[in-house]
Amino acid sequence: MTATRDTLFKPSKSEAKGDATTRAARAIIDQEKAKEDAKTARLRAARLAKEAAESEAAAAAPKPVRKTRKAAAKPAA
């Protein structure tokens, strides 16, 4: 058995309550972080899928014909 602070010394009531509070708070923070990471991954995947669909649509669309200055400046006869 390894000697640690908890095995060698008994924590006081206030330390025990503080440790319990810290563990509970860290558990809540870890749960919130996991939710946030899952949401970020879901939104990133949706954004990448949307960007891929938009780039495919842009590649499939014909490019507009540009008018040159000379062609635009000529009056219709």
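Laboratory data are not the source of any read-out in this text; all were calculated from the coordinates shown. Computed from a prediction, not measured in an experiment: that's the story for all the values here. Using ideal geometry, Cβ is built from the backbone for each residue, glycine included, and neighbour counts are taken over all protein chains shown.
Counting charges near residue 43 (Lys, Arg +1; Asp, Glu -1) among other residues having Cβ under 13 Å from its Cβ returns a value of +3. Mind checking the angle between helix 13-60 and the chain's longest principal axis? C-alpha axes, 0 to 90 degrees, to the nearest 10. Approximately 10 degrees, to the nearest 10.
Computed on region 1-41, the Cα convex hull volume stands at 78 Å³ per residue. The average projected area of the chain, computed from the convex hull of its Cα atoms over all directions, is 13.0 nm².
Each stretch of four or more DSSP H residues adds -39500 (n - 2.57); spread over every residue of the chain, this sum gives -25500 deg cm²/dmol at 222 nm.
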